[in-house]
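Okay, so here's the structure we're looking at.
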Amino acid sequence: MPNTPAPPAAICFDLDDTLIDDVAASSAGLRAVMERLGHPDFGAARALWDAQTEISFGAYLRGDLSLEEQRRQRIRALAVQAGHADIADHHCDELYRIYLDGHRSGWQVFPDTFPVLAALSSAGYRLAVLTNGIESLQHAKLQALELTPYFHAVVCADTVGVGKPDPRIFHATAQRLGVEPGACWHVGDQIQADGVGAVASGMRPVIVDRQARQPVEGVTTLSNLDELLSLVGLPSSVAATGLL
């Protein structure tokens, strides 16, 4: 664990794969689409879906694709892998709705999410969600999983007009929280979007690496959210709830 820095005035969180297990949710949605396409290989489908999502959703964030077209690109890539060379737009849209239904059925928070948010909130920290996800979907997740009361602001790329790692979305979040960027930490799971973006904006980045990837030198990296409490000088939520 790195030396403990001065605590922040506010903390913003990425949502997917930081507070919510999006890998599990997206896998549920992916399996639903695979069943409709007759796709037999989840490993191949998962690898392709992740790669195509990075490409197509990245193009959407840059303004090069519409929301609908980036979704169609992802579905088409999967369909081609399953042996369907030609698929109409309306079929892509139907399959993406199936994906979203499956995804919704898999929504779940990580076990450390509620205890850590409760501890930070009780300690007086102003908290925000800062995500590249679509705002309507992010609010639906927060409400369904009863996370909404913990946050003073929810800031999403589609409403701000830019996404992470653009510093402007971090600055917009700090403004919504009523603090300077230098008084705010950003907690996320992606080095580029969360880490690089936070540094460029003047925030302190904290990466939660639940997958035990190779750490990046000079970046505060935690294996779970509970370690964030130690970093700001609060007792462990695991110990406090008697789960040790």
Tilt, helix 42-61 to longest principal axis of the chain (alpha-carbon atoms), in degrees rounded to tens, equals 70
To the nearest 10 degrees, the tilt of helix 135-144 (Cα long axis) against the first principal axis of the alpha carbons of the chain is 70
Between the Cα axis of helix 89-105 and the main Cα principal axis of the chain, the angle (0 to 90°, nearest 10) is 40
Candidate cut points under GluC sites (Glu not before Pro) in segment 136-244, DSSP loop plus at most 14 other Cβ atoms within 10 Å of their own Cβ, are Glu146, Glu217
For segment 142-244, averaging the sequence separation of alpha carbon pairs under 8 Å that lie six or more residues apart and dividing by its residue count, the contact order in percent is 16
Cα-based Debye curve of segment 23-105 sampled at q = 0.11, 0.23 Å⁻¹ gives log₁₀ I(q)/I(0) of -0.25, -1.14
In Å, the Kirkwood hydrodynamic radius from C-alpha pairs for the chain sits at 18.8
Computed on Cα atoms, Rg of segment 107-165 relative to 2.2 N^0.38 Å comes out at 1.16
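No value in this document is a laboratory result; all are computed from the given coordinates. Keep in mind that this is a model prediction, so the values were computed, not measured. Cβ sites come from the backbone with ideal geometry, for glycine too, and all protein chains shown count toward neighbours.
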